[in-house]
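All of the numbers you see were taken from the coordinates with simple rules; none came from a lab. What you see is a predicted model, and the numbers here were worked out from it, not measured in a lab. Because the Cβ atoms are built from the backbone with ideal geometry, glycine has one as well, and the counts that use them run over all protein chains shown.
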Amino acid sequence: MDSSTVQKILKEIENVATESHGQHVGKVTAVGDGVVAIDGLSKAVMSEVLVFEEGKGKKLADAMESQGELLGLVLNLEEDGVRAAILGGTERVYEGMTVKSTGKILEVPSGDELLGRVVNALGEPIDGKGPFKNPTMMPVEREAKGVIQRKSVTVPLQTGIKAIDALIPIGRGQRELIIGDRGTGKTTVAIDAILNQKNEPAATRPICIYVAIGQKESKTARITQQLRDAGALEYSIIVNAPASAPAALQYLAPFTGVAIGEYFMDAGKDVLIVYDDLSKQAVAYREISLLLRRPPGREAYPGDIFYLHSRLLERAARLSDDAGGGSITALPIIETQEGDVSGYIPTNVISITDGQMFLITDLFNKGIRPAIDVGISVSRVGSAAQSKAMKGVAGGIKLELAQFRELEAFMQFASDLDKETADRIESGRRMVEVLKQKNGQPISVEKQVAAIYAGNLKFFLDVPVNMVTTVEKAFIEFLDSNFSSTLENIKKSGQLSDDSKKELGEAMTNFRSAHSEYFSLAK
Amino acid sequence: MEKTYAQVLWSLVSNGSTPHAAVSAIKAKLQADGRSALLPRVARAFARLSEREAGRNTVVLTVAREKDERHAKSAAKEILAQLGADADGLKTQVDDSIIGGWRLEGRGMLVDNSYKSTLLNIYNQVTK
């Protein structure tokens, strides 16, 4: 290249360079544990994004090698400076570093091209499939929709899990907490709910967002693969803030997830979002708050820990038709210690959500899976969204199961019990078996209705308890191949009509005569 | 604690007190509270505070070559006026890593008209 060309290029650059404007800047005065103290930035606003100037004093080639822009998030406004969380590697920040103000609140990309992708807490793709081409930027912090823009929860969100859809139904726009000790199947319940959306018609199928907070990378990789194998990743987005990520990113991840979801909700679509889990987010927020020298409160959590979760979960909503009719259904997960649901964070989130399902270690160890304790689990708004067919068959189960739990203690005196009590216990044991379900095998609602209807009619009473699950599965397959029109009618109408009941009765008789070997207890 | 005393000392002097009167007032207050031992730490905090204030008011012009200084000063005239500084009071430094152009930093503002910054922006946009 000749020297005149070089001069021309430099002249061009000079012309571009003179277009730049002044920026407010500050200087880093202290760095530590993901939090930075900055002197200056008197015009900074809360939650503003800052850019650390890494290239200062470095040669152009060295500056180009840095791993993208290093961002910060203003969290404390103080008299003579600000304190911010570093959204990246703390080791890249040094004392005296210049920090530029951007005047912008943190935004993350959203849009259809995020479907099937894995992103980090800043919305950047981390699955190696390249950058997003034309995303819509959504603010991470946004006020929840007001009362006027909302409407009641009336449309069911089928999880494909019998125990939930029958007894703790979830509606679109609801917030249902999944709570339990570690290793009780909380994540499995949430993932099954995502997998089951495959059964929904594409037009009304919710977009699913799984937010992994403080989880092992291996677990998130396994879940991603599970969704991919089941063909569920195409309508899902995974936001990953692993245990190895800075606390600031773990704190931000749920807000990133809901910001991505709001794009779809604003577009009139339904969204299902899983926060796995909010206890880890609370711990990350506690860490940041203590480093920011905010006054600690109960269990050293900051005073606004309730507001952290309430402002997140309030963003789940079902919008009115005028506002587009979209919805965000939230399934937050909370991990308890030794089954103690009276802890600070569990009680906070219980009070914010519209219901909760408790997963119990004892049930899990007994082989009752999902290990949901239906006696203490509730859904405050979901029954309004339950189909008539399901409502009709599920009505009596809760009472029956509650009575069974009362009588269960007397099972060891089985020989001394009167017939009515013994029958109730036997029936209860079989109903518990009917509600059992393997993970990764969600069942469509019409099949659930058929199975529970059969259970209500004591169809499994002559089946040995350990065979009930097998017989139930065989019965569903029998219905699928011989009575598919009956199932289709229940699905379409959402009701269990007299004709459908009659046909199911006929199916039970036919199945019983075709498979008499299962009914070995028949007198 | 000492930071607060240093800030009080700073504001006393800024509001017209003589250094002697301001220090005497602080000393008397510390003695009355039985905290005389705090005085050396107050002095160190005051030194840090004054250093920071001086840093805040200093405006630094960075150019790639010495010969660019005059052109840069005239180009930055308007911005300097906005910052309340004049070209004569500028601290100029030469940093060849900026390649060309100029960079003005001080009083909480940064105007980066360096070639390096422009090239980096282009690079970031292309590789984003």
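I need the peptides A:31-37, A:421-427 ranked by packing, meaning the mean over residues of other C-beta atoms within 10 angstrom, with the highest value on top.
On the way: A:31-37: 19.6, A:421-427: 16.9.
Going by the mean number of other Cβ atoms within 10 Å, highest first, we get A:31-37, A:421-427.
How many partner chain Cβ atoms sit within 10 Å of a residue's Cβ in peptide B:97-105, on average, as a whole number?
Mean number of neighbouring Cβ atoms from other chains: 5.
Could you give the size of the charge dipole of the protein assembly as shown about its Cα centre, using +1 on the Cβ of each K and R and -1 on the Cβ of each D and E, expressed in debye and rounded to the nearest 20?
740 debye
Counting partner chain Cβ atoms within 10 Å of every residue's Cβ in A:41-47, what's the average?
1
Can you tally the net charge around A:G375? Count Lys and Arg as +1, Asp and Glu as -1, for every other residue whose Cβ sits under 13 Å from the Cβ of A:G375.
For residues surrounding A:G375, the net value is -3.
Take the alpha carbon gyration tensor of the range A:231-322, find the square roots of its eigenvalues, order them as a ≥ b ≥ c, and report rounded if a/c is under 1.5; if not, report prolate when a/b exceeds b/c, else oblate.
Since a/c reaches 1.5 but b/c is at least a/b, the shape of the range A:231-322 is classed as oblate.
Show me, for the range A:168-175, the HN-Hα J-couplings you get by feeding each phi into the Karplus relation (A = 6.51, B = -1.76, C = 1.60, θ = phi - 60°), rounded to Hz, glycine and proline as x.
So the J values, rounded to whole Hz, are 10, x, 10, x, 6, x, 8, 10.
Using +1 on the beta carbon of Lys and Arg, -1 on that of Asp and Glu, and nothing else charged, what's the dipole of the range B:58-127 about the Cα centre, debye to 20?
With Lys and Arg at +1 and Asp and Glu at -1, about 60 debye.
Let me check I've understood the local charge: for B:V59, count other residues with C-beta under 12 angstrom from its C-beta, Lys and Arg +1, Asp and Glu -1. What total comes out?
Cβ neighbours under 12 Å give a net charge of +2.
Collect residues whose amide H, placed 1.01 Å from N in the peptide plane, falls under 5 Å from the amide H of A:T329; neighbours closer than 5 in sequence don't count.
Close amide H contacts, sequence-distant or interchain: A:G173, A:V271, A:L272, A:I273.
With N denoting the number of residues in the range A:103-201, provide Rg(C-alpha) divided by 2.2 N^0.38 Å, to two decimal places. If you can, show how the numbers build up before the last one.
Details: Rg = 17.1 Å, N = 99, 2.2 N^0.38 = 12.6 Å.
Compactness ratio reported: 1.36.
Can you divide the C-alpha Rg of chain A by 2.2 N^0.38 Å and report the result to two decimal places?
On the way: Rg = 27.6 Å, N = 523, 2.2 N^0.38 = 23.7 Å.
Computed over Cα atoms of chain A, the ratio equals 1.16.
Mind checking the mean number of beta-carbon atoms from other chains within 10 Å of the Cβ atoms in A:50-60?
If you average over the peptide's residues, the count of other-chain Cβ atoms is 4.
Helix B:2-14 versus the longest principal axis of chain B: what angle, 0 to 90°, nearest 10, using Cα atoms?
80 degrees
What number comes out for the charge environment of B:Y5, summing +1 per Lys or Arg and -1 per Asp or Glu over other residues with Cβ under 12 Å away?
The answer is +4.
I'd like the orientation of helix B:39-57 relative to chain B: the angle between its Cα long axis and the longest Cα principal axis, in ° from 0 to 90, rounded to 10.
Approximately 30 degrees, to the nearest 10.
For the range A:408-523, give the magnitude of the charge dipole about the Cα centre (Cβ charges: +1 Lys/Arg, -1 Asp/Glu; no others), in debye to the nearest 20.
Details: 15 positive and 18 negative charges, 44 e Å.
It comes to approximately 220 debye.
Where both residues lie in chain A, what percent of DSSP beta bridges are antiparallel, nearest 5?
Within chain A, antiparallel bridges account for around 60 percent of the total.
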